[in-house]
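In what follows, a single structure is set out as structure tokens and then discussed.
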Protein chains: 4
Amino acid sequence: MSDTVSDTIARLRREVCQLHEQLTRWELVTWTSGNVSARVPGADLLVIKPSGVSYDELTPESMVVTTLDGNVVDGNHSPSSDTDAHAYVYRAMPHVNGVVHTHSAYATAWSARGESIPCVLTAMADEFGGEIPIGPFALIGGDDIGKGIVATLAGHRSPAVLMRNHGVFTIGASAKAAVKAAVMCEDVARTVHIARSGGALVPIEPEHIDALYERYQGVYGQR
Amino acid sequence: MSDTVSDTIARLRREVCQLHEQLTRWELVTWTSGNVSARVPGADLLVIKPSGVSYDELTPESMVVTTLDGNVVDGNHSPSSDTDAHAYVYRAMPHVNGVVHTHSAYATAWSARGESIPCVLTAMADEFGGEIPIGPFALIGGDDIGKGIVATLAGHRSPAVLMRNHGVFTIGASAKAAVKAAVMCEDVARTVHIARSGGALVPIEPEHIDALYERYQGVYGQR
Amino acid sequence: MSDTVSDTIARLRREVCQLHEQLTRWELVTWTSGNVSARVPGADLLVIKPSGVSYDELTPESMVVTTLDGNVVDGNHSPSSDTDAHAYVYRAMPHVNGVVHTHSAYATAWSARGESIPCVLTAMADEFGGEIPIGPFALIGGDDIGKGIVATLAGHRSPAVLMRNHGVFTIGASAKAAVKAAVMCEDVARTVHIARSGGALVPIEPEHIDALYERYQGVYGQR
Amino acid sequence: MSDTVSDTIARLRREVCQLHEQLTRWELVTWTSGNVSARVPGADLLVIKPSGVSYDELTPESMVVTTLDGNVVDGNHSPSSDTDAHAYVYRAMPHVNGVVHTHSAYATAWSARGESIPCVLTAMADEFGGEIPIGPFALIGGDDIGKGIVATLAGHRSPAVLMRNHGVFTIGASAKAAVKAAVMCEDVARTVHIARSGGALVPIEPEHIDALYERYQGVYGQR
């Protein structure tokens, strides 16, 4: 590895490790069940959580570096058992630099009914540009989950997909952006669930969804 | 600016910054989604959260001072993207010195059904003097949200309004009072949702609501 | 006051102050909405939370000592606006040395439907010896709330009562016992709500409730 | 006791004490309502929580050592009132080295309806290999609860059983594994409850459940 790539990997080990704190802080994960990864720019590599290690014990050193085929090239631990799915997404979607997977409760509940989350909140239009789509059932191991993620997201603006009977995968231009999408996905999954459990939802007009999405993606935050 | 106004702004930067801790402490916000502002007394100015900055990173210095038209006069950040709505409220309601906006889950769920929260709790009569009303759908940008807030609150004693498919705005004689209203709004939104999901609600007689509201507004707390 | 009573009051100021930490720790209260009191043994006095003071700011010194008619005899603050209800309970129930009041969400939700909580959990039989009863609607001020509490509890083994459209009052042989009852009341209110929202509850036979209650009251814990 | 057994007991006192922190961290317990035990390998003994002591006050020294008939052999406290049930499981299931009992809210809610939790999540197939079964109603005291646990688990791969109108018991090859099962049991109890409250669940094919269970039990985590 070149010095530059080594430095980048050292930085991403710290960044990916720290982003896992957001998964616990926003209560998206239980025990060891979710994971964050980042693509290593300029190399066909990714940095990901080790398998079955609790969030309190994660260190930058315990993160695992793999090829985009999921083979470990650096690290003392086995990588997340979801590494194949992360790797497939990086191979298929060159603009994606971060992937997050969780079983956050409300989003996963929609997935257990095989149901997309309808866009009835302005915050949802902002972040997801429409519904959060449901993907297929797929067994872990090999490329089935990755293929399901990519095929489903292809038809939507949403950076989040609900994999049926399983949980959430989110993508982003950075690992932090993918974490944000995972946090917002659970937030809107919960709010829309609560809303619908009390009566009929009021839809937002498609042109209003478009207007909200375009403004938020272009204007929100600091320049 | 006069020395007095500068001192007031310095104090309000600290106060508004600290009040954001109440938004996270009472779980009203997700990621960077809610904001607090205060009117600067004696000047046509307000102090508000910067846009898209996480709650852990807020400092008094990062707060933004704008005119009541939303133009930045002091601060290194862009102001909250909800500044237009806050500013409109201050222009239209001279007795209001604090405004809060959140997407707190249960209150926002009522808003996604376009439904007011009925007054079936004594704590709700105390703080809101009746139902928490639903306002119109309005797109962000310009004065539409502000107009919807002011027009809706005009017909109620409630310091909180549910903006349809969006979230909560609250007002107060101080920023702290507006924060309290936001906290209590989510609390009663949650309790009444849970209550109704289990069966028919028992109403409170209007004269009892009046009696509770008058006592609480006049007597509660320390003199 | 005799030295002994002064010492007792000093101890109870610390104890009542500290017990309020359990109200926040178990998420029974929002903003300043719940309160704990203790009877002063050997004197017609009680120690109670000051009105409208946030839980983070409570100190032993800020607790208020009142007569059993609710008149302040020691303290720099106004007492809780619920002092009349606490005082009535101490006057009417000589075996009660602690009273707690909360608006905890699930218990208050049952109260907004005017509904008792049925005894379908062994933990509920242990602590409450049957259903948690619903009391009448009563306005704050004077003895109406106190009378409703005492009249309702007279017919039950439960140390907790749901006051209609209002919240929970619990009693105990000590302030700590009343706090425990408030914590367990919310816990069973939540579990039974969740249970019933998913289908029909299985009742527990009355003789099993009796057996559980007698064992728990006699045997559980350290001697 | 031999030196070896004494050392093992000292280690297990620390381990069992610390594992109770996971019960509070994952919100499985209220007040003093849940407990963890470990078998002492090489001796007919177990280490368990003392009865009615709050989680904040637990120390390794306060843990209680009993025979597999529930008689105290070491410790200054009375053992958990659930000791009989733990002891019965160790007598009947030689491969079990850890037992956990909780009244976690969502799992206990399923138990109050006398209902098993259907396996509709891949994470549930991983950990439980199918549904989480419902056991009989049984009174505390004697072997009835223990017998109900063992008889119910005999027909399932699940390390968790819902005892009717009561709560959860989990088993494991270690106390930590039993704690993990208790944490995951509440997680899936909650997610499946939420899912079903919004509409019909999509089942997972039995052969997919088998494939997920076999992979997870064999491959997941660090070697």
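The values are calculated or read from the model by the stated rules, or taken from the named source; none is laboratory data. From a predicted model like this one, the values you see are computed outputs, not experimental measurements. For neighbour counting, all protein chains shown are included, and Cβ atoms are generated from backbone atoms with ideal geometry for every residue, glycine included. Please note that ligands, DNA and RNA were not included when accessible areas were found on the heavy atoms of the full protein model with its side chains. Shrake-Rupley method; radii C 1.70, N 1.55, O 1.52, S 1.80 Å.
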Would you mind putting D:161-172, B:83-94 in packing order, based on average other-beta-carbon counts within 10 Å, highest first?
D:161-172, B:83-94
Across peptide B:119-129, how many C-beta atoms of other chains are within 10 Å of each residue C-beta, on average?
4
Counting only residues 5 or more places away or on other chains, whose amide H sits under 5 Å from the amide H of A:Gly135 once H atoms are built in the peptide plane?
A:Leu162, A:Met163, A:Arg164
Want the number for C:Asn71 to C:Arg25: 0.36 nm per residue separation, take away the alpha-carbon distance, what's left?
13.5 nm
Using the alpha-carbon atoms, what tilt in degrees (0 to 90, nearest 10) does helix A:206-219 show relative to the longest principal axis of chain A?
40
Could you work out the Kirkwood radius for the protein assembly as shown, taking every pair of different alpha carbons, averaging 1/r and inverting it, reported in Å?
29.0
Relative contact order in percent for chain C (Cα pairs under 8 Å, 6+ apart) equals 20
Given A:Lys176/D:Lys176; A:Lys147/A:Lys180; B:Lys147/B:Lys176; B:Lys49/C:Lys49, the pairs whose alpha carbons are separated by over 27 Å:
A:Lys176/D:Lys176; B:Lys49/C:Lys49
Let me know the mean shielding of A:195-207 by other chains, meaning the per-residue number of their Cβ atoms within 10 Å of its Cβ.
5
To one decimal in nm, how far is B:Asp144 from the same spot in the other copies, if labels go 7 Å from Cα toward Cβ? Please give the shortest first.
4.6, 4.6, 6.5
Among residues other than A:Gly148 whose Cβ falls under 15 Å from its Cβ, what is the net charge (Lys/Arg +1, Asp/Glu -1)?
-1
R0 of 56 Å, Cβ-Cβ distance A:Arg91-B:Gln18: FRET efficiency to nearest 0.05
0.75
Amide H contacts under 5 Å for D:Asp74, placed H, 5+ residues apart
D:Val65
What's the ranking of C:208-216, B:130-138, B:2-10, B:118-126 by average number of surrounding C-beta atoms within 10 Å, highest first?
B:118-126, B:130-138, C:208-216, B:2-10
J(HN,Hα) series, region C:173-179, from Karplus relation 6.51 cos²θ - 1.76 cosθ + 1.60, nearest Hz, glycine and proline x:
5, 8, 4, 5, 5, 5, 5
Run the label-point distances for A:Gln217 please: 7 Å along Cα to Cβ, every other copy, nanometres, shortest first.
4.7, 4.7, 6.6
What ³J(HN,Hα) values, in whole Hz, does the Karplus curve 6.51 cos²θ - 1.76 cosθ + 1.60 give for region B:155-168 when θ = phi - 60°, with x put for Gly and Pro?
x, 9, 7, 4, x, 10, 9, 9, 7, 3, 6, 10, x, 10
Inter-copy label distances at C:Val5, 7 Å along the Cα→beta-carbon direction, one decimal in nm, shortest first?
5.9, 5.9, 8.3
Chain C Cβ-axis minimum, rotational copy A, residue and distance in Å
C:Ser197, 4
Taking only protein heavy atoms into account and a 1.4 Å probe, give the accessible area per residue of chain D in Å².
36
In short, region D:160-181 residues buried by 50 Å² or more of accessible area relative to the isolated chain (1.4 Å probe) are D:Asn165
With the dipole of the protein assembly as shown defined by +1 on each Lys or Arg Cβ and -1 on each Asp or Glu Cβ, the option from C:Tyr55, A:Thr191, B:Ser104 whose Cα lies farthest towards the positive pole is A:Thr191
Round to the nearest 0.05 the FRET efficiency obtained for D:Glu61 and C:Glu207 when R0 = 56 Å and r is the Cβ-Cβ distance.
0.90
Can you list the residues of region D:102-117 that have at least 30 square angstrom less accessible area with all protein chains present than in their chain by itself, probe 1.4 Å?
D:His103, D:Ala105, D:Tyr106, D:Ala109, D:Ala112, D:Arg113
Rough spin-label spacing in nm, given labels placed 7 Å along Cα→Cβ, for C:Asp143 and B:Asp144
5.9
With a sphere of radius 10 Å drawn around the Cβ of A:Tyr216, what net charge do the other residues whose Cβ falls strictly inside it have (Lys, Arg +1; Asp, Glu -1)?
-2
Using amide H atoms built in the peptide plane, which far-off residues or other-chain residues are under 5 Å from D:Val40 H to H?
D:Leu45, D:Leu46, D:Val47
Considering only DSSP beta bridges where both residues belong to chain C, give the percentage that are antiparallel (nearest 5).
95
Interface D/C, total buried accessible area with a 1.4 Å probe, nearest 100 Å²?
2700
If I compute solvent accessible area with a 1.4 Å probe over the protein chains, what percent of it on region A:78-223 is carbon and sulfur?
53
Rounded to the nearest 500, what is the protein assembly as shown's calculated 222 nm mean residue ellipticity when only DSSP H runs of at least 4 contribute -39500 (n - 2.57) each, over all residues?
-13500 deg cm²/dmol
So for region D:92-223, Kirkwood radius off the Cα pairs, Stokes-Einstein at 20 °C and 1.002 mPa s: how many µm² s⁻¹?
144
So what are the ³J(HN,Hα) numbers for region C:116-126, from phi and the Karplus equation (6.51, -1.76, 1.60; θ = phi - 60°), rounded to whole Hz, Gly and Pro as x?
6, 9, x, 8, 10, 10, 4, 5, 6, 4, 4
One quarter of the convex hull surface, Cα atoms only: what value does that give for region B:3-218 in nm²?
11.5
Shielding of D:210-217 by other chains, given as the mean Cβ count within 10 Å, works out to 2
